[in-house]
Amino acid sequence: MSEDRTAGPAADHGQDPIHVLIVDDHAVVRTGIRSLLEVFDDIVVDGDAANGREALAVLNTFATRGRLPDIAIVDMRMPGMDGVATIEQISARYPSVAVLVLTSYTDGQSVRSAIAAGCRGYLLKDASPDELVSAIHRIRGGEMPIDPAVTDVLARPLQSEHRAIDLLTAREREVAVLLAAGMSNQDIATRLVISERTARTHVGNILAKLNVSSRTQAALVAAQAGLTSGD
């Protein structure tokens, strides 16, 4: 049976295809995701793994060949090495590989732990095919897609984070809102009509004031403190 292959909804045809690794302990899930993504000309599934340790072994093989995948789609609950440990190891060993969580868990601990570990996106398994493909392209573009169903979890304010947020200037708070929305420096610059260099400087100041080491962690703190685009 043949299928028409299509380009992704946010694809840039001038770019190379996005290479993906699928990590999930359920074979039917891996097969389903592969079948979905293989429909798109601008997404290539490099392989799959049944758990975190297997994923690291697969990535090591790719690294020796000089070509790592761009994105690893990782489940949160897997035997042997769970999603958080897998994200931490991938982020530490292969920082060029962005991790997109695809899971059924919306509890605060799972979401915050995954983001703190370094994931670049968090989707639920009931997301539509279009949402998954869009998330893959958004990560390629420097954004951090978060499933709307977990937004409320991230938006719950924590007192300690409010104190840190209070250190930000009015402009830095505007930038923090856009960080929490998953925007890249270029997107922030465009939205606020400033240069990308200025946006990058604001992000650096935010990281220092919030005492975090990455824009992903800053986005988490901003979201937890209630800085959202709907405020």
* Asked: List the pairs whose first member sits in region 80-97 and is free of Cβ contacts under 8 Å to residues at least 40 places away in the same chain and among the aromatic types (Phe, Trp, Tyr), whose second member is open to solvent by 40 Å² or more (accessible area, probe 1.4 Å) and in a helix (DSSP H, G or I), and whose Cβ atoms are under 8 Å apart, counting only residues at least 6 apart or on separate chains?
  -> TYR94/ALA63
* Asked: Which members of region 50-68 meet the condition of being in contact with a Ser or Thr (Cβ under 9 Å, 6 or more places away or on another chain) and not charged (D, E, K, R)?
  -> ASN51, GLY52, ALA55, LEU56, LEU68
* Out of the residues in region 171-195 that are touching a residue at least 24 places away in the same chain (Cβ under 8 Å) and of a type in the set (Asp, Glu), state the one that is most open to solvent (accessible area, probe 1.4 Å). => ASP187
* List every residue pair whose Cβ atoms lie under 6 Å apart, where the two residues are 6 or more positions apart in sequence or sit on different chains, the first residue falls within region 106-129 and is outside any helix (DSSP H, G or I), and the second residue, located anywhere, is modelled with pLDDT under 85 and open to solvent by 40 Å² or more (accessible area, probe 1.4 Å). => THR106/ALA149; LEU124/ALA149
* Give region 101-133 a look and list any residue that's among the acidic types (Asp, Glu) and either open to solvent by less than 10 Å² (accessible area, probe 1.4 Å) or in contact with a helix residue (DSSP H, G or I) (Cβ under 9 Å, 6 or more places away or on another chain) (or both), or say none. => ASP107, ASP126
* Breaking point among (1) within 11 Å of the chain's Cα centre (by Cα); (2) not in a helix (DSSP H, G or I), for ALA135 -> (2)
* Asked: How about region 109-142: which of its residues are modelled with pLDDT under 85 and in contact with a Lys or Arg (Cβ under 7 Å, 6 or more places away or on another chain)?
  -> none
* Asked: Which of the residues spanning region 1-46 are in a strand (DSSP E or B) and either under 21 Å from VAL101 (Cα atoms) or at pLDDT 95 or above (or both)?
  -> ILE18, HIS19, VAL20, LEU21, ILE22, VAL23, PHE40, ILE43, VAL44, VAL45, ASP46
* To do: Kindly check whether there is at least one residue in region 88-98 that is of a type in the set (Lys, Arg), part of a helix (DSSP H, G or I), surrounded by 19 or more Cβ atoms within 10 Å (Cβ to Cβ) and at pLDDT 90 or above.
  => no
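The values are calculated or read from the model by the stated rules, or taken from the named source; none is laboratory data. The shown structure was predicted, so the numbers you read here are calculated from the model rather than taken from an experiment. Neighbour counts are summed over all protein chains in view; Cβ atoms, including those assigned to glycine, are modelled from backbone coordinates with ideal geometry. Each accessible area value is taken on the protein alone, full model and side chains, heavy atoms only, with ligands, DNA and RNA left out. Shrake-Rupley method; radii C 1.70, N 1.55, O 1.52, S 1.80 Å.
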